[in-house]
1. I'd like to know if segment 283-292 contains one or more residues that are in contact with a Phe, Trp or Tyr (Cβ under 6 Å, 6 or more places away or on another chain) and of a type in the set (Val, Ile, Thr).
2. Any residue in segment 164-179 that's farther than 15 Å from CYS239 by Cα and touching a residue at least 60 places away in the same chain (Cβ under 8 Å): show its pairings with residues that are surrounded by fewer than 20 Cβ atoms within 10 Å (Cβ to Cβ) and among the hydroxyl-bearing types (Ser, Thr, Tyr) at Cβ separation under 6 Å, as long as the two are six or more apart or on different chains.
3. Hey, does segment 123-140 have a residue that's touching a residue at least 60 places away in the same chain (Cβ under 8 Å) and either in the same structural domain as ASN238 (by TED's automatic domain parsing) or on the phi > 0 side of the Ramachandran plot (or both)?
4. Output the number of residues of segment 130-162 satisfying the condition of being under 20 Å from the mean Cα position of the chain (by Cα) and either crowded, with 21+ Cβ neighbours inside 10 Å or under 15 Å from LEU100 (Cβ atoms) (or both).
Amino acid sequence: MIKKTFKLSEISNLLKGKLSGDGSKEILSLKTLQEADSDSISFIYNKKFIKDLEKTSASAVIITEEFSKFCRTDYIVVSNGHEAYAKLTKLLSGNLRNNLPEESKSTSYDDQDIQIGKNVFIGENVRIDNGVRINSGCFIGNNVEIKADSYLHPNVCIYHDTKIGKKNIIHANSVLGSDGLGFAKTKDSWEKIEHLGNVELKDNVEIGASCTIDRGSLGTTFIGEGVKLDNQVHIAHNCNIGKDTIIGAKTAIAGSTVIGENCLIGGGCGIVDNIKIESKVRINPMTYVTKSIKKPGTYSGGSIVLEHSKWLKHITIQKKRFDD
């Protein structure tokens, strides 16, 4: 497939930036400052890369005003470098999720601008809206709703009664709607609690690879509009994740926990059940949250890395302090 090129002036207009240089330059690709060449554009939004900016062979660079004095090539000044980079990836991606690979397509639903890959199972009473793309090997259970322009990567499993909003992206091997850890203790064993609820994702949600989102035991596990999950995130039954919250890889959130809007939760965190985290909270990576967080701010847990012998001494000292 031949890639489309864009004039530097077109890119500047798209980003609403201020161009310094030759607007007629043709840009073919987006690359890092170190890897860029005469056909590519690059970007900088962190001062750690100033040396790379000074040496880059890029045809042009997306920058904020503070970095312009270090640039030796054409550039476009923008107000937010990271946001501009994100928009540029969309322009130069070539519509990655517009169509399934031809060799993987089934003939189902083609007349409705819906593309279904091979070896996809679709249950009864399933609603699939226009623009949906479902890759090979996916399972779609009974009574599922998938709204317009959502994209399922290969081997996604969607259990019964799950609702998926518009423009969702669900990466490979993720499971939505599985049973949570629900068992009643008997005298000698455990009695399974059947999970009778469901999962609902609102619009513009992105679920990373190999995530699990459990259905409500009763009621709904809810993922708000614009939520982004990294890979291998676990959301237990009846959680409620607020709008535009982003969660890093391998974080686990236990059942019936409520996370507010616009939160940033780092990778490897553990959050216990039945607590509430206020909106606009940042939780740094590897933090263990055991109680509700009632006001916005940045929170951390865990400890520094020490040699094991020193760690034992450290724990002993801390224990004595708490005992006192």
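1. First, the residues of segment 283-292 that are in contact with a Phe, Trp or Tyr (Cβ under 6 Å, 6 or more places away or on another chain): 283.
Then keep just the ones that are of a type in the set (Val, Ile, Thr); that gives 283.
Yes: one or more hits.
2. No pair meets every condition.
3. We begin by selecting, within segment 123-140, every residue touching a residue at least 60 places away in the same chain (Cβ under 8 Å); these are none.
Scanning segment 123-140 turns up no residue that is touching a residue at least 60 places away in the same chain (Cβ under 8 Å) and either in the same structural domain as ASN238 (by TED's automatic domain parsing) or on the phi > 0 side of the Ramachandran plot (or both).
4. Selection size over segment 130-162: 16.
Residues checked against (1) of a type in the set (Gly, Ala, Ser); (2) within 13 Å of LEU92 (Cβ to Cβ); (3) more than 28 Å from the chain's Cα centre (by Cα); (4) assigned by TED's automatic domain parsing to the domain that holds ILE63:
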residue	(1), (2), (3), (4)
SER20	yes, no, yes, yes
GLY23	yes, no, yes, yes
GLU26	no, yes, yes, yes
LYS31	no, yes, no, yes
ASP37	no, no, yes, yes
SER40	yes, yes, no, yes
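The values are calculated or read from the model by the stated rules, or taken from the named source; none is laboratory data. Note that this is a predicted model, so its numbers are computed, not measured. Note that we place each Cβ from the backbone using ideal geometry, even for glycine, and neighbour counts take in every protein chain shown.
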